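**Q** The structure follows.
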Ligand SMILES: [Zn+2]
């Protein structure tokens with residue numbers, strides 16, 4: 001069943017049925033998780049109650065309907081390294097739509113607006129990386145864990161069944177994925193340096209694994225060793241993060 005497209009932004013990708021059923025605002029479907037302030041959706045914030053329901057009832061973060069066996073996380077390339085997501089999972093097609101359509105994720109030049117956040121708005125837990133990664137991953141897995149942190153919950157994503165990478169609304173090129181990875185790495189490297197040599201070793205291992213999963217590095221010994229050495233070099237050149 002095709003959804004009515006009247007009033008939709010022409011640049012949006014085709015709407016999956018579940019997303020076509022969502023309310024719309026200024027030509028955009030409003031994701032289920034979005035917080036509403038004075039009758040208008042604020043796309044920058046999520047509704048804390050929906051967050052709890054998504055986790056407890058196994059509901060899709062984007063459309064609010066029941067999830068199946070496959071759980072899709074929309075994450076940045078650095079999250080492929082630490083396997084952490086700040087947002088709960090979605091249906092694969094809902095995640096893919098988000099990765100293609102979300103203005104923040106799909107337009108690398110766009111900056112997050114930080115001004116005039118409503119009081120009590122749900123901000124993402126943990127040490128969020130506040131940069132636009134340019135590349136959005138749809139990481140499909142069958143399991144995840146919840147990690148308690150001081151200011152909320154984070155999600156530890158399971159091994160991937162499938163990973164797709166998007167940039168500017170289309171499939172990302174290997175060069176774009178690599179550029180996003182290497183430009184984001186110093187942020188994780190600074191944290192690892194602060195945590196000590198064991199954390200740097202773990203980062204090297206996780207980073208090489210992520211590069212393989214993302215298709216940036218082929219599983220050949222020479223390429224893997226070169227990638228490990230480059231990650232070590234980035235860590236060695238990084239200022240130690242805040243204590
Ligand atoms: Zn969904």
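**Q** Take the conditions in a loop (DSSP other than H, G, I, E, B), free of Cβ contacts under 8 Å to residues at least 40 places away in the same chain and in contact with a helix residue (DSSP H, G or I) (Cβ under 6 Å, 6 or more places away or on another chain) and apply them to residue 200. Does it pass? Show your work before the answer.
**A** Details: in a loop (DSSP other than H, G, I, E, B): no; free of Cβ contacts under 8 Å to residues at least 40 places away in the same chain: yes; in contact with a helix residue (DSSP H, G or I) (Cβ under 6 Å, 6 or more places away or on another chain): yes.
The answer is no for residue 200.
**Q** Mind listing whichever residues of region 205-243 are under 15 Å from residue 190 (Cβ atoms) and outside any helix (DSSP H, G or I)?
**A** 237, 238, 239, 240, 241, 242, 243
**Q** While we're here: I need the helices (runs of 4 or more DSSP H) fully contained in region 20-103, keeping only those with at least 1 residues that are within 11 Å of the ligand (Cβ to nearest atom) and out of contact with any strand residue (DSSP E or B) (no Cβ under 6 Å at 6 or more places or on another chain).
**A** On the way: elements: 48-57, 77-82, 92-101.
Counting at least 1 such residues, we get 48-57, 92-101.
Rule-based calculations on the coordinates, nothing more; no lab input. Predicted, not measured: the structure shown is a model, and the values here were computed from it. FYI the Cβ positions are ideal-geometry reconstructions off the backbone, even for glycines, and counts take in every protein chain you see.
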